[in-house]
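**Q** Submitted below is the structure of interest, expressed as structure tokens.
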Amino acid sequence: MTKLSEITFKDQGMVSADGFWSAVDVWIHKPHVVNKRLCGAKTEEKKEVNVLELEQLLSGYWYGDIKDINSILNYLNEVNDVCLNQPARKEEPRCFILRSLIPKVNTDGVPFKREMVVKDVVNQRVTFLPLEENIEGHAVLKRSNIYQIQLRQVNNEEWSVSISTLCSEGWDSDGVIYPKLAWLSTELLSKLAKWSTENKRSEFKSTLSLIAVEKYSHLYQQLKEKYKEMVKVWPEVTDPEKFVYEDVAIATYLLVMWEEERKEKDLAEKQSFVDLGCGNGLLVHILSNEGHPGRGIDVRKRKIWDMYGPQTHLEECAITPSENFLFPDVDWLIGNHSDELTPWIPVMSSRSSYSCRFFVLPCCFFDFIGKYNRRQCKKTQYREYIDFIAEVASVCGFDVEEDCLRIPSTKRVCLVGKTRTYDSSCEAQIDEQRIQLIKNRPVCNGINGQTTDSKLVTDCSLGHSAEQSNDVDHSVEKVQEASFEPETQTCASRNWAAGFQPREKAIHVRNCASLPRNFIDRVVLQVANALLDLNEGVVCGCVEGHNIWNRGGSLSVREVAELLDKETLQNLKNECGGLQTLLKNNHQVFRVLGGIVQIRDWREETGGRKAKPDLKRKLSSAVLKTRLCWFFVNHPDGCPIPSESCLFAHGPEELRPSAFKRSKMDDSHLVSLQAINPTTDLFQLKDLPCGHEKG
């Protein structure tokens, strides 16, 4: 046995054998957390064995010299003399695990490789014994890559975690399934030592706990390769790589889950679906292309919709929870970051039909009406909101399952309702539960998120029309004046909640960019003058013919706000970020860091600036001298840098027309698009903007 590395750490009151085994279990069952080249691991077999039974198991995977298998058995049963000075007893229990390691990319055509894991809890160690296929096709032990992780207590205050190999000289590393010894000694061992001292458990389940990881890995690689060209032609303002690969991952999850469902229920046809609040529609496009009949609905059409072709069905429509949005012939309702529709999707699914299922991926925190208000300070807001949606689904009669997706997003916990907890004959009773759930939720104003004292009342009992329900100005008033009479009508007759506000079709820009130009200029000049008044000037050499250049003082954002009148502050309050956003937008004039506002000194900026890539240089030259320099026009000492070094024009004679124009799709982009959708009319799409341009 060769010890490769050992890490010693102090006991902080949380180190124990339990902490060590918790860390080891992460490496056994979720190796992708550390080894990013793995997709995960699947446990094929797990059982308790004694030493004699373990010997029989190992012998079954050995076709070589019996002396070699004896050395492996001795390695397994050898007891560290620091822990115990006695040989392993035959009756001592071992936990035997047979697992399959699943790589993200199959470089050698093998979808996964098996490995035996032996946990010796009594002696606080775990041994990993890889298997490989020999010439005859038998699974045999890969003796050269056997390694062991050991925990021991050094003294009352210190512990150590070490890693050793049976024969380090012959270690065979492929960089994926079998990492290099240096990686095991540093990256893996340091993670295990760290996790052994941590006493915190995740609020959520491990990723992909409801589906087969190996199927997910294989299908994800296929879909990623198939739809990667979408990144090149993405016309939206959103990040193409994030959204394309995120929707590919979500589609992969659904396709694997649906395939397993078809096998369980012996279904011949692929499941149908409706994606509520489908956004860019890429998820609908992928699912449809993979043979699932379905459509997407969103309040606003996106530019990318025209690229998908007629086989992808997308509808522009505002969704209101009501009888008009029930889908009795659909198998699944999908809510992927569906915002204000999120809590309604289990309700809509349960009322569509007894067989309708749902998948929802909550993101923003919405109640049935307006923003969701926290009620439990002991939980994180995200955990509390997931529990709220799960509670809604449970009251609606679903057996709710929770899983965690592998997507590039902080909000990646999904809820799935595949089965019901009641018989179809009890539908009326369950619907009464739904009515009471919706009725008893507190009303939040959709604009400011404030909770009223009244309860949420279903509009079906009020006799109001759908048009009246959408009257935002009087929605709360209706709720306060109404009385609930469930025996008058069923809850699926009209709109289910007065005051529900679907998202607006038009996107309102609230980053201060849409404010009137004269308003912005007035605020900028007022703040700049206030900063300049704090400092009479600093002697710093000749600047544009001046011997001094006033850098001004500094003020906090709060102090700047106190300089402005109430009307100005009110206008800024309606913008995201308010005053601070306006100041940061005017990057040429101000430097805002840590809530402190200063005049920007461009001599310092240009002096420490790194060289830009060629692409950025070209972009800078396209906008060079297209706007007047604020300092040249407004600063009493002029611009702090010479005209030839300034990006902005020092006077009208230097102004140039902007050379930055809206770029169109080039031929390579169009070819990529046609590869994704062969029915695409290239001439019709010639004027669409390419994926690298915003807007």
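The values are calculated or read from the model by the stated rules, or taken from the named source; none is laboratory data. Please read these numbers as outputs of a predicted model, since none were measured by experiment. All Cβ positions, even for glycine, are placed from backbone atoms using ideal geometry, and neighbour counts span all protein chains on display. Just the protein is used for accessible areas: all its heavy atoms, side chains included, with ligands, DNA and RNA removed. Shrake-Rupley method; radii C 1.70, N 1.55, O 1.52, S 1.80 Å.
**Q** Which whole-Hz couplings ³J(HN,Hα) result when phi for each residue of segment 266-281 is put into the Karplus expression 6.51 cos²θ - 1.76 cosθ + 1.60, θ = phi - 60°, listed in order with x for Gly and Pro?
**A** 6, 8, 8, 8, 6, 5, 8, 8, 9, 9, 8, x, 6, x, 5, x
**Q** Extent of segment 106-196 along each principal axis, from alpha carbon coordinates, in Å, largest to smallest?
**A** Largest to smallest, the principal-axis extents are 52, 25, 25 Å.
**Q** Under 5 Å between amide H atoms, partner at least 5 residues away or on a different chain: which partners does residue 273 have, H built in plane at 1.01 Å?
**A** 294, 295, 331, 332
**Q** Compute the distance in nm between two label points, each set 7 Å from the Cα along the Cα-to-Cβ direction, one at residue 140 and one at residue 303.
**A** 6.1
**Q** Let me ask you something else. Pull out a ≥ b ≥ c, the square roots of the eigenvalues of the alpha-carbon gyration tensor of segment 361-450, then state rounded if a/c is under 1.5, prolate if not and a/b is larger than b/c, and oblate in the remaining case.
**A** Values: a/c = 2.39, a/b = 1.21, b/c = 1.98.
Oblate is the answer for segment 361-450, as a/c is 1.5 or above yet b/c matches or exceeds a/b.
**Q** Now a separate question. Spelling out what I want: for every residue of segment 115-127, take phi, set θ = phi - 60°, compute 6.51 cos²θ - 1.76 cosθ + 1.60 (Karplus), and round to whole Hz; glycine and proline get x.
**A** Once rounded to whole Hz, the list reads 8, 8, 10, 10, 9, 9, 5, 4, 9, 6, 8, 9, 10.
**Q** Could you tell me which of rounded, prolate or oblate describes segment 239-334, using a ≥ b ≥ c as the square roots of the eigenvalues of the alpha-carbon gyration tensor, with rounded for a/c under 1.5 and, failing that, prolate when a/b is larger than b/c and oblate otherwise?
**A** Numbers: a/c = 1.94, a/b = 1.20, b/c = 1.62.
The shape class here is oblate.
**Q** Still on this model: Report ³J(HN,Hα) in whole Hz for each residue of segment 423-428, in order, from the Karplus equation J = 6.51 cos²θ - 1.76 cosθ + 1.60 where θ = phi - 60°; Gly and Pro get x.
**A** 7, 4, 6, 9, 4, 4
**Q** Pairs 142/263; 303/418; 46/180; 228/301; 301/566; 10/142: which are spaced more than 29 Å apart, C-alpha to C-alpha? Don't skip to the end; give the middle numbers.
**A** Values: 142/263 36 Å; 303/418 33 Å; 46/180 27 Å; 228/301 23 Å; 301/566 38 Å; 10/142 35 Å.
Going by Cα-Cα distance, 142/263; 303/418; 301/566; 10/142 fall outside the 29 Å limit.
**Q** Once amide H atoms are placed 1.01 Å from N in the peptide plane, what residues at a sequence separation of 5 or more from residue 550, or on another chain, have their amide H within under 5 Å of its amide H?
**A** Amide H neighbours of residue 550: 538, 637.
**Q** Using modelled backbone amide H atoms (1.01 Å from N, in-plane), which distant-in-sequence or interchain residues come within less than 5 Å of residue 5's amide H?
**A** Counting only residues 5 or more places away or on other chains, the set is 163.
**Q** Compute the length gained on full extension between residue 198 and residue 105: take 0.36 nm times their separation in residues and subtract their Cα-Cα distance, giving the result in nm to one decimal. Could you put the intermediate results ahead of the total?
**A** Details: separation 93, 0.36 × 93 = 33.48 nm, distance 3.19 nm.
That pair, residue 198 and residue 105, stretches by 30.3 nm at full extension.
**Q** Hey, rough spin-label estimate for residue 206 and residue 353, points 7 angstrom out along Cα→Cβ, what's it come to in nanometres?
**A** Using points 7 Å along Cα→Cβ, the separation is 3.7 nm.
**Q** Next question, about the same structure. Strictly over 22 Å apart at the Cα level, which of 113/215; 439/573; 30/119 would you flag in this model?
**A** Details: 113/215 14 Å; 439/573 33 Å; 30/119 16 Å.
Pairs exceeding the cut-off: 439/573.
**Q** Another question, then. I need the shape label for segment 279-321. Rule: rounded when a/c is under 1.5, else prolate if a/b > b/c, else oblate, with a, b, c from the alpha carbon gyration tensor. Before the final figure, lay out the partial values.
**A** Values: a/c = 2.37, a/b = 1.40, b/c = 1.70.
Oblate, because a/c is 1.5 or more while a/b does not exceed b/c.
**Q** Another one. When the accessible area of segment 320-438 is computed with all protein chains present and a 1.4 Å probe, what percentage of it is carbon and sulfur?
**A** Answer for segment 320-438: carbon and sulfur cover 49 percent of the accessible area.
**Q** Calculated FRET efficiency, residue 425 and residue 401, Cβ-Cβ r, R0 25 Å, to nearest 0.05?
**A** Numbers: r = 24 Å, r/R0 = 0.96.
Efficiency, rounded to the nearest 0.05: 0.55.
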